[in-house]
1. Using the beta-carbon distance between ASP236 and THR333 and R0 = 56 Å, what value does 1/(1 + (r/R0)^6) give for FRET efficiency, to the nearest 0.05?
2. Tally Lys and Arg at +1 and Asp and Glu at -1 over the other residues with C-beta under 12 Å from the C-beta of TYR156: what net charge comes out?
3. For the chain, what does -39500 (n - 2.57) per DSSP helix run (n ≥ 4), summed and divided by total residues, give at 222 nm, in deg cm²/dmol to the nearest 500?
4. Once the convex hull of the alpha carbons of region 110-187 is built, what does its volume come to per residue, in cubic angstrom?
5. Put ARG294, ARG215, ARG326, ARG392 in order of accessible area, largest first, 1.4 Å probe: what do you get?
6. Check cross-link reach from LYS263 to the lysines: straight Cα distance under 16 Å, and skip same-chain residues fewer than eight apart.
7. Suppose R0 equals 30 Å. What FRET efficiency, 1/(1 + (r/R0)^6) with r the Cβ-Cβ distance, do ALA442 and ASN220 give to the nearest 0.05?
8. What number do you get for the chain when its Cα radius of gyration is normalised by 2.2 N^0.38 Å, N = residues?
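The values are calculated or read from the model by the stated rules, or taken from the named source; none is laboratory data. Model, not experiment: these values are computed from the prediction. When we count neighbours, we look across all protein chains shown, and the Cβ atoms used for this are built from the backbone with ideal geometry, even at glycine. With ligands, DNA and RNA removed, areas are computed over all heavy atoms of the protein, side chains included. Shrake-Rupley method; radii C 1.70, N 1.55, O 1.52, S 1.80 Å.
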Amino acid sequence: MLEKIKEKWPEILDFLKQELGVTEVSFKTWILPLKVESYEDDVLTLVFPGDTKMTGLRYINKKYYPLLKVAIEETMNQEIELAITLSEDSEETDDYTEDFVSQEEISLENRIKESNLDKKYTFDSFVVGSNNDIAQVTSLAAAESPGEIYNPLFIYGGVGLGKTHLIQSIGNFVLANDPDAKVLYTTSENFTNEVIDLLGNKKNKTSQEDIIEFRQKYRNVDVLLIDDIQFISNKDRTQEEIFNIYNDLFMKHKQIVFTSDRKPKDMEGIEDRLINRFEQGLTVDIHNPDYETRMAILKEKAKSLGYELDEPVLQYMANNFTSNVRELEGSLTRVISFSKIGRNEITVDFAKDVLKDLISPNQEEKITCENIIDMVAEHFNISVSDICSTKRSKEFTVPRQICMYLCRAYTDDTLESIGTLLKKDNHATVSYGYKKIKKEMANDPTIKNTIDILKKKIIPN
Ligand code: ADP
Ligand code: MG
């Protein structure tokens, strides 16, 4: 039997590659080094040679044991017990085994980063309710069979309802399940800025190669995810680039996913031919979550933070934050952090007290500096406390000046009060920030694009 297996070994390896889809790099790393050692008492022993100390044995057993067993049984046409061990002279050190496991994890982490994704957005952490079930199930199907079923997939819905979460989940799912897949996530703002940099006013500085490289980057992917596509309205060059990239990817059966705050038909300032493309596949929407879904989201979020809150507290939040999951989650984190600071027990009264500023009865969505700062912080993915601080790195000073500009332009607050919020004692600093951004908008299309987008976020429509 041993001889027979050895004879058939190349066929078994082939089966792993061809039938079971083990990729070239995994194959070389984990499978090729294995040696057929013995066949005794119906057990076939394979050995992973110990020429290095890093064994990875546990990893092979975890990930490739079932595949190897299937490949051997299919090729030999009989059931076989399998054992994978180390050769005698190798040292099995747990640390190294862990190292090997984490190697693979590190490479996934790198791919996630290269794809511009955030690993926290997964289908596992997405709560499904009647408001989003169709969007969720079609996203999952697109992730499982990229380019094959719904192409493009167009997801639309209001602010804070989980569009970014879903579109990123698609990317993370594809990366985790296909070691060779190339995924690229971008926002339409980011895309527009790239187009501006390349083709805009700096034309003479940009070489043809840069343009080719840019196009290649977007055309060499299996899955292209473009978030918040509504912001390309009235951006002709951007629309043209997207149109061409879209056509190329679509012809190659590559998956394309868009999100937007409204359905294609309702988008203004976008060429008809692009609207047609958006509608070519499947369009799905996400509505406001119903009560049950809001409760489920709160419970899931509390659990992930290591908390279990009383039902009436959760009910209080679910009843008061009805139309935006981000705010719903925000209310929960606020209550939890305040309770930590003051070591308070989390009761309904405590939650009411902590959330009272956020729950103003019969509020008209008034534009306040606080809202603007929140929005800018979120936009730049930095914290409110970093914007409202004296920190001087560019990462914070530019968003802070943008806050100065927007607060000045969209609220009646005085320079003094804007300054106080932003931790600037001298109101001349606010005035300076306002003027600086205003001037930059005239000269730098990237800044202008960012401000345009923030304006649309402040006053949608
Ligand atoms: P959008 O892109 O639609 O404005 P996001 O995807 O950024 O909204 O969602 C806002 C926040 O709410 C994120 O933290 C996201 O994880 C969370 N969220 C939204 N919907 C869900 C859901 N169904 N389950 C879990 N978390 C959700
Ligand atoms: Mg979003």
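1. So the FRET efficiency works out to roughly 0.85.
2. On the way: positive: LYS163, ARG262, LYS263, LYS265; negative: ASP227, ASP228, ASP261, ASP266, GLU279, ASP285.
Charge balance in the 12 Å sphere: -2.
3. On the way: 20 runs with 252 residues, N = 461.
Rounded to the nearest 500, the figure is -17000 deg cm²/dmol.
4. On the way: hull volume 7.1 nm³, N = 78.
In region 110-187, the Cα convex hull volume per residue is 91 Å³.
5. On the way: ARG294 25, ARG215 75, ARG326 105, ARG392 180 Å².
Ranked from most to least accessible, the order is ARG392, ARG326, ARG215, ARG294.
6. LYS163
7. Numbers: r = 36 Å, r/R0 = 1.20.
Step by step, r from the Cβ atoms, then E = 0.25.
8. Values: Rg = 27.3 Å, N = 461, 2.2 N^0.38 = 22.6 Å.
Cα Rg divided by the expected 2.2 N^0.38 Å: 1.21.
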